[in-house]
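**Q** Quick one: structure below, then a few questions.
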Amino acid sequence: MAVKETLQYKLTKVTGKTVMAGIVGIIMFFLAKDTVLEPAWFIAGAAITLLGEGLRLWAAGHLRKNKQLTTTGPYSHVKNPLYIGTLLITVGYSAMAMNYWIMIAGFVWFFIYYAPYKKKQENEKLIGSFGAAWTEFDKAVPDYLPRLSPYPGRGTNRWSWEVVKENSEHETAVAVFIGFAVMFYLLVR
């Protein structure tokens, strides 16, 4: 197994999903480069993108992968805050680029392929790891539309920057910032 924080370890994180996200990002930037971007669309898209990454940072700071069932932070309201954050980032970038097709494709991909695939894959793993605790949490907390009151059986973990780094979300935040900077350049050029 590769040592964490090495290039070899980071390359193990490159999946078909991350390659596809990169390709979509490049296509979006390519399509946006010849478009005169509207400040109103850019501001709205930037706000949605920042909300999405903020949600991902909040969630990643609570997520103790493969160690314990995470029921604190945003997980006490919704089971999949990282996925929701990713969807918001996609919608935000699409709005900044004023590209409806990527936005529509993002929704289709998310709800027809990504969400059902991840639910099946993760559900089996979580049942195996956490049994009845997962089953109870799964029944009480919605997948994508947050409950207003927090899950009554939530844990006591607090958000931690160290946990964010363990989950490599700080690297995702840097990538989101770079994308934002490119879109800002396209707006003001």
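**Q** Which residues, taken from region 134-149, are touching a residue at least 40 places away in the same chain (Cβ under 8 Å), in a helix (DSSP H, G or I) and not hydrophobic (A, V, I, L, M, F, W, C)?
**A** Asp138 - this is the single residue of region 134-149 that is touching a residue at least 40 places away in the same chain (Cβ under 8 Å), in a helix (DSSP H, G or I) and not hydrophobic (A, V, I, L, M, F, W, C).
**Q** Specify which of the listed residues (Gly25, Gly92) is within 15 Å of the chain's Cα centre (by Cα), at pLDDT below 75 and either in a helix (DSSP H, G or I) or farther than 20 Å from Tyr151 by Cα (or both). Spell out the reasoning first.
**A** On the way: Gly92 fails: at pLDDT below 75.
Of Gly25, Gly92, the one residue that is within 15 Å of the chain's Cα centre (by Cα), at pLDDT below 75 and either in a helix (DSSP H, G or I) or farther than 20 Å from Tyr151 by Cα (or both) is Gly25.
**Q** In region 95-112, how many are at pLDDT 85 or above and either surrounded by fewer than 12 Cβ atoms within 10 Å (Cβ to Cβ) or on the phi > 0 side of the Ramachandran plot (or both)?
**A** 4
**Q** Here's something else I'd like to know. Consider Trp109 carefully, then state whether it is under 16 Å from the mean Cα position of the chain (by Cα), free of Cβ contacts under 8 Å to residues at least 24 places away in the same chain and outside any loop (DSSP other than H, G, I, E, B).
**A** Values: under 16 Å from the mean Cα position of the chain (by Cα): yes; free of Cβ contacts under 8 Å to residues at least 24 places away in the same chain: yes; outside any loop (DSSP other than H, G, I, E, B): yes.
Judged against the criteria, Trp109 is a match.
**Q** Which residues, counting only those in region 163-189, are of a type in the set (Phe, Trp, Tyr) and more than 13 Å from Ile89 (Cβ to Cβ)?
**A** We begin by selecting, within region 163-189, every residue of a type in the set (Phe, Trp, Tyr); these are 177, 180, 184-185.
Correct list: Phe184, Tyr185.
**Q** Tell me yes or no: at least one residue of region 113-133 is open to solvent by 70 Å² or more (accessible area, probe 1.4 Å), in a helix (DSSP H, G or I) and closer than 18 Å to Thr72 by Cβ.
**A** yes
**Q** A further question on this structure: Can you say whether Thr156 is part of a helix (DSSP H, G or I) and among the polar types (S, T, N, Q), as far as the supplied structure shows? Spell out how you get there, then give the answer.
**A** Values: part of a helix (DSSP H, G or I): no; among the polar types (S, T, N, Q): yes.
No: the conditions fail for Thr156.
**Q** Taking region 139-189, which residues are open to solvent by 80 Å² or more (accessible area, probe 1.4 Å) and of a type in the set (Val, Ile, Thr)?
**A** Those that are open to solvent by 80 Å² or more (accessible area, probe 1.4 Å) and of a type in the set (Val, Ile, Thr): Thr156, Val174, Ile178, Val188.
**Q** Which residues, taken from region 36-57, are in a helix (DSSP H, G or I) and either more than 28 Å from Tyr185 (Cα to Cα) or more than 13 Å from the chain's Cα centre (by Cα) (or both)?
**A** Of everything in region 36-57, those that are in a helix (DSSP H, G or I) and either more than 28 Å from Tyr185 (Cα to Cα) or more than 13 Å from the chain's Cα centre (by Cα) (or both) turn out to be Pro39, Ala40, Trp41, Phe42, Ile43, Ala44, Gly45, Ala46, Ala47.
**Q** Let me ask something additional. What about Arg64, is it touching a Ser or Thr at 6+ places or on another chain (Cβ under 7 Å), more than 22 Å from Pro152 (Cβ to Cβ), among the basic types (Lys, Arg) and open to solvent by less than 50 Å² (accessible area, probe 1.4 Å)? Step through it out loud before you land on a result.
**A** On the way: touching a Ser or Thr at 6+ places or on another chain (Cβ under 7 Å): yes; more than 22 Å from Pro152 (Cβ to Cβ): no; among the basic types (Lys, Arg): yes; open to solvent by less than 50 Å² (accessible area, probe 1.4 Å): yes.
No: the conditions fail for Arg64.
The values are calculated or read from the model by the stated rules, or taken from the named source; none is laboratory data. Treat the numbers as computed from the prediction; the structure is a model and nothing was measured. Note that each Cβ is placed from the backbone with ideal geometry, even for glycine, and that neighbours are counted across all protein chains shown. In case anyone asks, the SASA skips ligands and DNA or RNA and just uses the protein heavy atoms, side chains included. Shrake-Rupley method; radii C 1.70, N 1.55, O 1.52, S 1.80 Å.
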